[in-house]
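Data first, discussion second: the structure below is written as structure tokens.
All of the numbers you see were taken from the coordinates with simple rules; none came from a lab. Computed from a prediction, not measured in an experiment: that's the story for all the values here. In this analysis, Cβ positions are derived from the backbone assuming ideal geometry, glycine residues included, and neighbour counts consider all displayed protein chains.
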């Protein structure tokens, strides 16, 4: 699973996935091209969630707040302070880091169901605060970032994030960095400790590990990744809305991760992709598409109880990270 | 010679129950000390206080001349106090290798050992005879092997004081014989504090025995002295047939 078991194979698989996504940029029709760019950003959100839920075993019901921290950190920065795109993205990361550190310090005093409730409540506070400070945040209307605000000037090169190819490529770069980072983290000594905390926290403590500090580090890394996804979403798609802070966006990453396979590095991508397309395809045929989505989810739980990749790993591909 | 570990007036009350009551205890470096006593005598509570799993109501604990009474458990482990659980507490879903890798990398991070994780893991697994089962999920190992894995995890922490809580519980007689050999070998490097119910094992291994009853130390001495102690016989050994 970790050291000593085909690290080359695992890295090769991940690089191949990234290469495939790169090639898709050139062959996908416009509609799917746009959809996939969005999925890559949301899959990054799911990867941040998976790090905490899949590997540390901490089930948060408030991760929308970290996504929203990045979304509004970047969006408000651009809208009110005229920040350039790279600076706004840094602001998103900073917002995610500060928020997750504070939330981690408070919420990690609890565990299990209490942790779920506490994270959910904090996320509700943020969502309501966004609505309350409507003059600043645009309330439930949200904010739209204009095209000229979303252009990156790097020396003489101009990168227009409203251009589909530029948008796809930036989304892919973000996704790839986070994917390889996740892989590196879960294969590291730190990752081994995180998994140990998930399996048996008391035993991990009695092996000399400060489990609180390790969990806090995981919350912050997870929060920063989700904020990076949020920041990228604002800058790439130009919309900053309060619905992204709602409880729905705390549940969605959980669903995506469970579908794709918790504690698998590629599971979040598979889950997000699957969920997005099943909604997209079925809603084209019937207005009762949620019924079909529901049936698909039940079938999946029956035949792939550990998610798509989780079950694949359990039954056939043991070396999958 | 200075004791490695002492407790002074150590107490832990659970409500009205005095699980450990005003215990003064000293452990010399290099000895094998057995702690015996009837069920509920406070043995596990006592060693849990020593390794920091629970906090004392009163009293102090000194390890290697330093007051560790308020030190959190994970920091005591880094000082060299290792604890192996009474109820096998391995990481059942992880391989035996991963189970041992955790304590090995801990000592590497602390600078208490050198080298690679892999070498340290294989050394610890070889010492308990589980090297050929390194990749087996720990939960699928036979019970006796799980106990040995637990010991390997303790060993891999490079302890100066290793606390073994009922290590032979559930082992077959043939396994116990090997186990005694293993404990002797460990004792050449570490001080051992063993809670044990199996009296032949205690009598064979221990340099000294401490007898607990109702949270207090009833008697302490060499195996011979304890065997002939009338109070101990009344409380625990049941008439001295043992």
Under a GNM of chain B (C-alpha, springs under 10 Å), which listed residue has the highest mean-square fluctuation: B:114, B:43, B:158? B:114
Looks like the protein assembly as shown, by Cα gyration tensor root eigenvalues a ≥ b ≥ c and the a/c under 1.5 rounded cutoff (else prolate when a/b is bigger than b/c, oblate otherwise), is prolate
Roughly what angle does helix B:143-156 make with the longest principal axis of chain B, taking Cα atoms, 0 to 90 degrees, to the nearest 10? 90
Equivalent ellipsoid semi-axes, the stretch B:88-158, via Cα gyration tensor eigenvalues times 5, rooted, Å: 20, 11, 10
Got a sec? How would A:20, B:164 order by Cβ neighbour count within 10 Å, fewest to most? A:20, B:164
Segments A:219-227, A:87-95 sorted - mean Cβ within 10 Å per residue, highest first: A:219-227, A:87-95
What do you get for the angle between helix B:96-110 and the principal long axis of chain B? Use alpha-carbon atoms, 0 to 90 degrees, nearest ten. 80
Length-normalised contact order of the stretch A:35-187, Cα under 8 Å, at least 6 apart, in percent, tallies to 31
Pop the C-beta distance of residue B:109 and residue B:231 into the FRET formula with R0 = 45 Å and round what comes out to the nearest 0.05. 0.45
Whole angstrom only: what separates the Cα centroid of the stretch B:159-195 from the Cα centroid of the stretch A:157-228? 40
For chain A, averaging the sequence separation of alpha carbon pairs under 8 Å that lie six or more residues apart and dividing by its residue count, the contact order in percent is 32
Once every DSSP H run of n ≥ 4 in chain A is given -39500 (n - 2.57) and the sum is divided by its residues, what mean residue ellipticity at 222 nm do you get, rounded to the nearest 500 deg cm²/dmol? -24000 deg cm²/dmol
Mind checking the full-extension length gain between residue A:30 and residue A:180? Use 0.36 nm per residue of separation minus the Cα-Cα distance, one decimal, nm. 51.3 nm
Rounded to the nearest Å, the spacing of the alpha-carbon centers of the stretch B:25-101 and the stretch A:19-57 is 47
Using Cα atoms only, what is the angle between the long axis of helix B:117-128 and the major principal axis of chain B, expressed in degrees (0 to 90) to the nearest 10? 50
Inter-label distance, nm, simple model (7 Å from Cα along the C-beta direction), residue A:144/residue A:173: 2.7
Residues B:216, A:192, sorted so that the one with the fewest Cβ neighbours within 10 Å comes first: B:216, A:192
Rounded if a/c is under 1.5, else prolate if a/b is larger than b/c, else oblate: which is chain A, with a ≥ b ≥ c the root eigenvalues of its Cα gyration tensor? rounded
The stretch B:88-158, relative contact order [Cα under 8 Å, separation at least 6], %: 50
17 Å reach of a label modelled at residue A:162, 7 Å along Cα-to-Cβ, counting backbone N of the stretch A:126-145: A:143-145
Expressed to one decimal in nm², the mean projection of the alpha carbon convex hull of the stretch B:1-92 is 6.9
Average partner chain C-beta neighbours within 10 Å, per residue of B:83-89? 2
For A:128-139, B:73-84, ranked highest to lowest by mean beta-carbon neighbours within 10 Å, the order is B:73-84, A:128-139
Evaluate peptide A:196-206: per residue, the Cβ atoms of other protein chains within 10 Å of its Cβ; return the mean as an integer. 6
Using R₀ = 45 Å, calculate the FRET efficiency as 1/(1 + (r/R₀)^6) where r is the Cβ-Cβ separation of residue B:119 and residue A:102; round to 0.05. 0.60
Any chance you could run the full-extension gain for residue B:67 through residue B:92? It's 0.36 nm times the residue separation minus the Cα-Cα distance, nm to one decimal. 5.5 nm
Under the classification rounded if a/c is under 1.5, otherwise prolate if a/b is larger than b/c and oblate if not, where does the stretch A:237-311 fall, given a ≥ b ≥ c as square roots of the Cα gyration tensor eigenvalues? oblate
For a protection proxy built on the mean count of beta-carbon atoms within 10 angstrom, sort A:58-66, A:287-295, A:301-309 highest first, please. A:58-66, A:301-309, A:287-295
Counting only other chains, what is the mean number of Cβ atoms within 10 angstrom of the Cβ of each residue in peptide B:94-105? 5
Order of A:181, B:94 from fewest to most other C-beta atoms within 10 Å? A:181, B:94
FRET E, pair residue A:151, residue A:311, Förster distance 60 Å, beta-carbon r, rounded to 0.05: 0.85
